[in-house]
Amino acid sequence: MWKWVLSLALLILLVTGVWQIYWQPPAISSSYELLKPVMAPDLKAVFAQNPFTLLNLWASRCEACKAEFPALLELRTEIAPKGVAVVFLSADNKSEWPDAAAFLKAQKVDFLTFVAADSATSLVASLAPQWQGAVPSSFVFNQKGELIDSWQGERNIEEFREKIAPMVQK
């Protein structure tokens with residue numbers, strides 16, 4: 001009897017092992033690949049890659065966020081060579097990720113953006129404790145992950161340039 005039980009157990013292990021080797025998870029759309037779930041340590045690792053990082057918190061349900069997004073894309077292109085990264089963090093809930101992905105696709109975003117793995121509120125509050133919960137919000141961090149400046153509400157390209165000017169390497 002024990003040989004039969006052992007044979008069955010080995011068969012189960014063999015079948016599950018083969019299944020794990022050959023089964024591929026379903027492919028996600030390229031739009032979802034632009035939304036990487038992160039936690040605070042992940043963002044701090046991103047901050048460490050540049051002298052300064054402008055982190056923009058946005059949501060697909062936020063009209064002001066969507067209005068300022070093109071200005072941030074333009075700013076990103078302008079200031080990246082000067083040592084300042086522009087990073088996007090979506091405050092969308094998991095059920096809203098399809099909307100966020102569609103918005104990114106419509107904006108022709110072709111680079112990685114981030115979304116809170118758990119709660120955007122707790123993630124941002126851990127990085128910027130004085131944040132009051134508004135979107136859009138923007139934060140400037142140095143390479144050590146220290147908050148240098150922050151502001152809430154929609155801005156235009158000139159206002160972003162003015163805010164970021166002290167950090168831009170000439």
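Data overview
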read-out	value
Filter pass, Phe141 being aromatic (Phe, Trp, Tyr), part of a helix (DSSP H, G or I), touching a strand residue (DSSP E or B) at 6+ places or on another chain (Cβ under 8 Å) and at pLDDT 95 or above	no
Only listed residue being in contact with a Gly (Cβ under 8 Å, 6 or more places away or on another chain) and under 18 Å from Arg76 (Cα atoms), chosen from Val168, Val140, Val109	Val168
Odd one out for Ala91 among (1) surrounded by fewer than 21 Cβ atoms within 10 Å (Cβ to Cβ); (2) within 19 Å of Leu34 (Cβ to Cβ); (3) in contact (Cβ under 8 Å) with a residue 12 or more places away in the chain; (4) not aromatic (Phe, Trp, Tyr)	(1)
Count of residues meeting criterion [open to solvent by less than 70 Å² (accessible area, probe 1.4 Å) and closer than 21 Å to Val124 by Cα] in the range 135-166	19
Members of the range 72-96 that are of a type in the set (A, V, I, L, M, F, W, C) and farther than 23 Å from Gln132 by Cα	Leu73, Leu75, Ile79, Ala80, Val84, Ala85
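The values are calculated or read from the model by the stated rules, or taken from the named source; none is laboratory data. Predicted, not measured: the structure shown is a model, and the values here were computed from it. Using ideal geometry, Cβ is built from the backbone for each residue, glycine included, and neighbour counts are taken over all protein chains shown. Areas reflect the complete protein model, heavy atoms only, side chains present, ligands, DNA and RNA absent. Shrake-Rupley method; radii C 1.70, N 1.55, O 1.52, S 1.80 Å.
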